[in-house]
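What follows is calculated from the coordinates using simple rules that are stated; it is not laboratory data. On a predicted model such as this, the values are computed, not experimentally measured, just so you know. Reconstructed Cβ throughout: ideal geometry from the backbone, glycine too, with neighbour counts over all protein chains shown.
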Amino acid sequence: MNKALIVIIEDDLEIQEMLSLAFAGEGWELLAAKTGEEGIAILDREGADCIILDIMLPGMDGLKTLKIMKSRPRYKHTPVIMATARGEEADIITGLELGADDYVVKPYSPRVLKARIRAALRRLEEEQEGAPENRPRREGALKIDPLRHEASRDGEALDLSATEFAMLFHFMSHPDIVFSRNQIIAAVHGPDYPVTDRSVDVQVLALRKKLGAAGEMLETVRGVGYRFKRP
C-alpha cells in the first residue's frame with residue numbers, strides 16, 4: 001500500500017517534521033494536525049489509511065479524540081498507533097480498550113514507528129484482499145469472520161481493535177496450541193516486528209477483558225506464552 005494516507009495528530013512541530021523526513025522514501029501521503037479537533041476535521045475531509053495519535057494534545061486529549069474516531073463507522077477499523085510520553089500500563093490499556101491497535105512510548109525511533117505503520121497497512125491490505133482461507137471460526141460462545149471483520153460473543157458484537165481482532169483470529173484458528181510471545185507477534189504483525197513481551201501481555205489482557213466470560217479460553221502457559229483452550 002505505497003500510496004497510503006497517513007494522518008499524524010501531534011502538537012510538537014519538531015516531531016511532525018522528523019516523521020515527515022523519516023517517511024519521505026515510503027511513498028506515503030502525509031497530513032499533520034496539531035490538535036484532536038483539527039485531526040478529526042482532516043479525517044472527515046480526507047480519510048486515512050493509518051493514524052498516528054499523540055495522547056497529550058492541547059484541548060481535547062488523544063484518548064478523547066480516539067474515542068470520537070472509533071465511534072464513527074468510517075474509522076472503526078482504521079489502524080491507530082498511539083504515541084505517548086505516558087508509558088504507564090493504565091494509559092496503555094485505556095488506549096487499547098478504546099480501539100488503538102498499537103502504541104509507542106516517547107522518545108521513540110522513527111524507524112520503529114515506520115515498521116509498525118508498515119505492519120498495520122499490511123494487515124489492512126490482507127483484510128481487504130479477503131484471502132479465501134480466511135473462513136469464519138466458531139468456538140463456544142465466540143464467532144469471528146475475517147472477511148466481514150466481525151467478532152461476536154453469544155451473538156453480541158465485540159468492539160475489537162485491528163490488532164485484537166487479528167490476535168483472536170490467530171488463536172481461534174489454532175485452538176489448544178501454545179504460542180510464545182514472539183510467535184504471536186510474528187503471526188499478528190509479521191516477522192522482525194519491534195515490540196516487547198510486555199506489550200503482548202498488555203494486549204492479551206485487554207483482549208481478555210473485552211471477551212468477558214469467554215476470556216477464560218485465553219490461557220496463560222507460564223514460562224511459555226498463551227493458548228486458546230477449546231471450551
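To make sure I understand the rule: partners must be aspartates and glutamates, Cα under 15 Å from the Cα of LYS3, and not fewer than 8 residues away in the same chain. Which ones qualify?
Cross-link targets: GLU26, GLU29, GLU46, ASP49, GLU125.
Which order do the peptides 219-229, 61-71 come out in when sorted by mean C-beta neighbours inside 10 angstrom, highest first?
Ranking the peptides 219-229, 61-71 by packing returns 61-71, 219-229.
So which lysines pass the test for LYS229, namely a Cα distance under 24 Å, with those fewer than 8 places away in the same chain ruled out?
Here the lysines satisfying the reach criterion relative to LYS229 are LYS143, LYS209, LYS210.
Pulled fully out, how much extra length does the chain show between GLU150 and SER180, if you take 0.36 nm times their separation in residues and subtract their Cα-Cα distance?
8.2 nm
About its Cα centre, how strong a charge dipole does the chain have in debye, to the nearest 20, once Lys and Arg get +1 and Asp and Glu get -1 at the Cβ?
Charge dipole, the chain, about its Cα centre: 720 debye, nearest 20.
Could you work out the local net charge near ASN182, counting Lys and Arg as +1, Asp and Glu as -1, over the other residues with Cβ closer than 11 Å to its Cβ?
-1
Pairs on different chains or at least eight residues apart, Cα atoms closer than 22 Å: how many lysine pairs in the stretch 31-114 fit?
Total qualifying Lys-Lys pairs in the stretch 31-114 comes to 12.
Hey, how many Å between the Cα centroid of the stretch 160-207 and the Cα centroid of the stretch 1-52?
27 Å
When 1/r is averaged over all different Cα pairs and the result inverted, which Kirkwood radius in Å belongs to the stretch 29-162?
By the Kirkwood definition, the hydrodynamic radius is 15.9 Å.
Report the percentage of all Cα-Cα pairs in the stretch 132-208 whose separation exceeds 20 Å, rounded to a whole percent.
29 percent
Please determine, in degrees from 0 to 90 and to the nearest 10, the orientation of helix 36-46 with respect to the longest principal axis defined by the Cα atoms of the chain, where the helix direction is its Cα long axis.
The helix 36-46 is inclined about 80 degrees to the chain.
With point charges of +1 on the Cβ of Lys and Arg and -1 on the Cβ of Asp and Glu, referenced to the Cα centre of the stretch 5-128, which listed residue (TYR108, ALA83, LEU5) lies farthest in the positive direction of the dipole?
It is LEU5, whose Cα lies furthest towards the positive end.
How large is ³J(HN,Hα) for each residue in the stretch 50-61, as worked out from phi by the Karplus curve 6.51 cos²θ - 1.76 cosθ + 1.60 (θ = phi - 60°), to whole Hz, x for Gly and Pro?
So the Karplus estimates, Gly and Pro as x, are 7, 10, 9, 10, 6, 7, 8, 10, x, x, 6, 6 Hz.
State the Kirkwood hydrodynamic radius of the chain in Å, one decimal place, computed from all pairs of distinct Cα atoms.
It is 18.0 Å.
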